[in-house]
1. Which of the peptides 203-209, 50-56, 276-282, 231-237 is most tightly packed, and how do the rest follow, judged by the mean count of other Cβ atoms within 10 Å per residue?
2. I need the phi-derived Karplus couplings for the range 265-271: 6.51 cos²θ - 1.76 cosθ + 1.60, θ = phi - 60°, integer Hz, Gly and Pro marked x.
3. With helices defined as uninterrupted DSSP H runs, which ones in the chain have an alpha carbon span along their own long axis of at least 15 Å and mean Kyte-Doolittle hydropathy of at least 0.5?
4. With a sphere of radius 14 Å drawn around the Cβ of residue 119, what net charge do the other residues whose Cβ falls strictly inside it have (Lys, Arg +1; Asp, Glu -1)?
5. For the chain, with only Lys/Arg (+1) and Asp/Glu (-1) charged at the beta-carbon, what is the dipole magnitude about the Cα centre, in debye rounded to 20?
6. Label the range 118-161 by shape, choosing from rounded, prolate and oblate, from the square roots a ≥ b ≥ c of the eigenvalues of the Cα gyration tensor; if a/c is under 1.5 it is rounded, and otherwise prolate applies when a/b is larger than b/c, oblate when it is not.
7. Could you work out the local net charge near residue 201, counting Lys and Arg as +1, Asp and Glu as -1, over the other residues with Cβ closer than 14 Å to its Cβ?
8. When only Cα pairs under 8 Å and 6 or more residues apart are kept, what is the percent relative contact order across the chain?
Amino acid sequence: MTTKNILAHFLLIAGASCALLAQTQPVELQPKINLPFRFAAYGDTRFTDPKNTEAANPAVRQTLVQAIADAHPAFISIGGDIAYNGNNVDDWKVWDKETAVWSENKIPVYPALGNHDLHGDLKVALANYFQRFPDLQNNRYYSARAANTLLLMLDSSLDETSGPQGQWLLHELDTLPADVDFVCLVLHHPPYTDSSDEFLGGGHSPRPPEKSLAQVLEERQPHTRARFVVIAGHVHNYERHEHSGVTYFVTGGGAARPYMIPRKPGDPMFGKDVNYHYLLIEVDRGKMKVTMNRLELANGKATWSTPDSVEITTPAAAAAKAGK
């Protein structure tokens, strides 16, 4: 390794070390976006050597990346497990190569940290992560304001409702600007899922910290004009839940090895076990439409469908639509 490379590596590690410290004033990104706009959201891509087909499906991963680019979103939200092993620079080089089309089209990416992104040596993993996302300024959690939508990007390896992150989050929720219609909370671990740690073939049960986050949101939603929307991953499938006016999505279909979900009749995904997908989220004044774009890839041929879609409206918009 040359002296120049050693210095560059040292600077990356030093930057990551700073990121380990408690954050008191996370960065607030303010992209110039006007209504209406659309963005893409998904997670659990596990960028790694395409020869590793046990960790993820590389053909699916690459097809999803291109489809998202073709949708021309204002930005892309990724809910964690971007890389298979965060401390492996080669995994991140696969990210660099396979998402080059996003860079070429100048599509911003707003990530949330997942457990795989933190695998191995934490300082090295964070150094690799922040090198790809310099606008985060070494912040492990942060916000982004896009027109009438506020994104709160959380780090679910830290407690979401206590400590520095919890204090910041509660302040954000309690001081929402009057012109915010939607608050999208993006994190890796889901507050609600029908998956389970006990499932054969893999799965994840909801954890207590995310259950506490859901309680915070559901207590505030009846007294908040803006609608809360939670976008999580970790479970390698698709789910949609609604509790006390809060809509929860599990969008972990970015290419990681699928987990099966028990489905009840009436579930739009009933009979569909493997659900590689991304969400296309269309936002206008007072309304947000979320469409699940499902991918089936057979013999190199992509087949797309939209088995689930939901429109979320603010109370004022819903009243106007009803003619009240």
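The values are calculated or read from the model by the stated rules, or taken from the named source; none is laboratory data. As the structure is a prediction and not an experimental result, all values here were calculated from the model. A quick note on method: Cβ atoms are made from the backbone with ideal geometry, for glycine too, and the neighbour counts reach across all protein chains shown. Accessible surface areas use protein heavy atoms only, side chains included; no ligands, DNA or RNA. Shrake-Rupley method; radii C 1.70, N 1.55, O 1.52, S 1.80 Å.
1. So the peptides 203-209, 50-56, 276-282, 231-237, ranked by packing, come out 231-237, 276-282, 203-209, 50-56.
2. x, x, 5, x, 9, 4, x
3. On the way: long enough: 3-19 (24 Å, 1.20); 58-70 (18 Å, 0.37); 122-132 (16 Å, 0.14); 163-174 (16 Å, -0.76); 208-220 (18 Å, -0.98).
Result, helices passing both filters: 3-19.
4. Combined, the nearby Lys, Arg, Asp and Glu give -4.
5. Dipole about the Cα centre, nearest 20: 680 debye.
6. oblate
7. Counting the neighbours of residue 201, the net charge comes to -3.
8. Answer for the chain is 19 percent.
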